[in-house]
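S.K.: My questions will all concern the structure given below.
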Amino acid sequence: MISIAIDGPSGAGKSTIAKAVSQKLGFIYVDTGALYRSIGLYVLNQGKDTANRQEVSSLLPEIELKIRYLDGVQRVYLNGQDVSEEIRKPPVSMAASNVSAHPEVREFLLNLQRQFAEEYNVVMDGRDIGTVVLPNADIKIFLTASSEERARRRYDELIQKGEQVQFDKIHKEIIERDYNDSHRAIAPLKQADDAILVDTTGCALEESIQKLETLIRSRMK
Ligand code: DC
């Protein structure tokens, strides 16, 4: 099986780009952030503190996560319920970042992610795919963009969905989440030594998709 790892900070366009590229290649797209978001959502719904390791790990035995594909689109089920839309709400982002720092949570999700790469050709996106989850991935890409640009993209996306948001607040959250994700003790966000760095600052979405597809196809030969 061929696996392509795409890592990078929040809002770099990983999911949109990875999704489009996987369709072009006929690969399965695995959005691993959705798994951390689902755990974050569950902990929030239980009224527990997402930053508290003990509280979060004691809830893990109650959680069952499943990924399914409907018309090629990933859906995530939390204890049998489709939470694919709910996990995109802004408060869930920081909750996901908080729960993702706990070693028990990362361990809980590790095999689920690896199973996909054993069974299918995958484009998998996350923070630690090239470094921890699939260290032997065939191609590794570290996708990034400036924090202002990433905040702008997230802002536009949320405004389009009709959410009431402020740019400065989104930008602050992006910086906070970058810090959280890259400073945790276990599996922090960082570029793998053998990953190719792609900076999409100033690039239109189509341009970034094209750039990645060309890069991947040239490496697959
Ligand atoms: O990609 P995302 O923004 O949906 O991810 C939400 C959070 O989950 C992110 O802030 C950090 C965490 N995460 C992680 O630690 N490792 C991954 N492979 C994917 C996401």
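The values are calculated or read from the model by the stated rules, or taken from the named source; none is laboratory data. Small disclaimer: the values here were computed from a predicted structure and weren't measured. Don't worry about glycine lacking a Cβ; one is built from the backbone with ideal geometry, like all the others, and counts go over all protein chains shown. Accessible surface is based on the protein model in full, side chains and every heavy atom, while ligands, DNA and RNA are left aside. Shrake-Rupley method; radii C 1.70, N 1.55, O 1.52, S 1.80 Å.
S.K.: Within 12 Å, Cβ to Cβ, of Arg88, how many net charges do the neighbouring residues add up to if Lys/Arg are +1 and Asp/Glu are -1?
M.R.: -1
S.K.: So, with a 1.4 angstrom probe, what is the percent of accessible area on the chain that is carbon and sulfur?
M.R.: Percent of accessible area from carbon and sulfur atoms in the chain: 48.
S.K.: Per residue, what accessible area does the range 45-109 have, given a 1.4 Å probe and all protein chains present, in Å²?
M.R.: Here the residues of the range 45-109 average 53 Å² of exposed surface.
S.K.: At 1.4 Å probe radius, can you tell me the per residue accessible area of the range 139-221 in Å²?
M.R.: Averaged over the residues of the range 139-221, the accessible area is 62 Å².
S.K.: Per residue of the chain, what 222 nm ellipticity follows from adding -39500 (n - 2.57) for every DSSP H run with n ≥ 4, rounded to the nearest 500?
M.R.: Rounded to the nearest 500, it is -15500 deg cm²/dmol.
S.K.: Follow-up. Considering only the other residues whose Cβ falls under 14 Å of the Cβ of Ser57, what net charge follows from Lys and Arg at +1 and Asp and Glu at -1?
M.R.: -2
S.K.: Counting DSSP beta bridges with both partners in the range 2-144, what percentage is antiparallel, nearest 5?
M.R.: 40 percent
S.K.: Can you give me the Cα centroid spacing of the range 134-206 and the range 1-44 in angstrom?
M.R.: Each part reduced to its Cα centre gives a spacing of 12 Å.
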